[in-house]
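**Q** Pasting a structure here, questions to come.
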Amino acid sequence: MTSSSTARMRQTERSPSPSRAAASPVWLITGILALVASVVIAVIVAVAFSAPIALIGIAVPLATAGSFWMSLIGYLLTPIVVMVLYGLDNVSQRNGLRANRNFDIRPEWTRVLLWLAVASMIVGVWHALNMSVPISEWIL
């Protein structure tokens, strides 16, 4: 070792280390809550506010006109909110790493949010179908 590298090592040992910032679990927790709330809304609409409607020759319990707003809220929660949360998590982790090289990224949280986004697309299709029935009644 050279004397300059030894001096540098001693200096870094004495200097305080930068704070170890970490990724926030807020985006993941909010995404999970949004998906759960949307599924609960879908179940409530399917059980309490639905009527069998023929869709491609199959009777499917879709929402009646009175529950349009519940389906709209469910659709806004999934996939829109979950997708936005996925993007916010991705951007905030990149910005954190850019601002602090010691930033503790959590790629597994981003991966879970990605899978939640896929699941939210499925629930979102259900809500979109439920919204289409009242809209078609209003138009016709």
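The values are calculated or read from the model by the stated rules, or taken from the named source; none is laboratory data. Note that the structure is a prediction, hence the values are computed from the model and not measured. Note that each Cβ is placed from the backbone with ideal geometry, even for glycine, and that neighbours are counted across all protein chains shown. Areas reflect the complete protein model, heavy atoms only, side chains present, ligands, DNA and RNA absent. Shrake-Rupley method; radii C 1.70, N 1.55, O 1.52, S 1.80 Å.
**Q** Quick one: what pairs do we get from the stretch 124-140, first residue among the acidic types (Asp, Glu) and at pLDDT below 85, second surrounded by fewer than 14 Cβ atoms within 10 Å (Cβ to Cβ) and not in a helix (DSSP H, G or I), C-beta under 7 Å, 6+ apart or different chains?
**A** Once the first residue is among the acidic types (Asp, Glu) and at pLDDT below 85 and sits in the stretch 124-140, no partner that is surrounded by fewer than 14 Cβ atoms within 10 Å (Cβ to Cβ) and not in a helix (DSSP H, G or I) comes close enough.
**Q** Another one. If only one of 74, 96, 87 is closer than 26 Å to residue 24 by Cα and touching a Ser or Thr at 6+ places or on another chain (Cβ under 8 Å), which one is it?
**A** Just a single option satisfies the conditions, and that option is 74.
**Q** Return the residue satisfying two criteria in turn: it lies in the stretch 21-50 and is in contact with a Ser or Thr (Cβ under 9 Å, 6 or more places away or on another chain) and under 13 Å from residue 129 (Cβ atoms), and of such residues it is most open to solvent (accessible area, probe 1.4 Å).
**A** Only one residue tops the list, namely 50.
**Q** A follow-up question, please. Within the stretch 96-113, can you find the residues that are part of a helix (DSSP H, G or I) and surrounded by fewer than 15 Cβ atoms within 10 Å (Cβ to Cβ)? Step through it out loud before you land on a result.
**A** Of the residues in the stretch 96-113, the ones part of a helix (DSSP H, G or I) are 96-99, 107-113.
Listed by number, the residues that qualify are 98, 99, 107, 108, 111.
**Q** Tell me which residues, restricted to the stretch 53-73, are within 15 Å of residue 137 (Cβ to Cβ), open to solvent by 80 Å² or more (accessible area, probe 1.4 Å) and not in a helix (DSSP H, G or I).
**A** The one that is within 15 Å of residue 137 (Cβ to Cβ), open to solvent by 80 Å² or more (accessible area, probe 1.4 Å) and not in a helix (DSSP H, G or I): 54.
**Q** Follow-up question, since we're still on this one. Can you run down the residue pairs with Cβ atoms below 7 Å, 6 or more apart or on separate chains, where the first is in the stretch 79-91 and farther than 14 Å from residue 33 by Cα and the partner is hydrophobic (A, V, I, L, M, F, W, C)?
**A** 88/27; 89/27; 89/28; 89/109; 89/113
**Q** Residue 87 versus (1) surrounded by fewer than 19 Cβ atoms within 10 Å (Cβ to Cβ); (2) not in a helix (DSSP H, G or I): which is the lone unmet condition?
**A** Only one criterion in (1) surrounded by fewer than 19 Cβ atoms within 10 Å (Cβ to Cβ); (2) not in a helix (DSSP H, G or I) is unmet by residue 87, namely (2).
**Q** With the requirement that a residue be closer than 19 Å to residue 82 by Cβ and free of Cβ contacts under 8 Å to residues at least 12 places away in the same chain, what does the stretch 36-50 give you?
**A** 36, 40, 43
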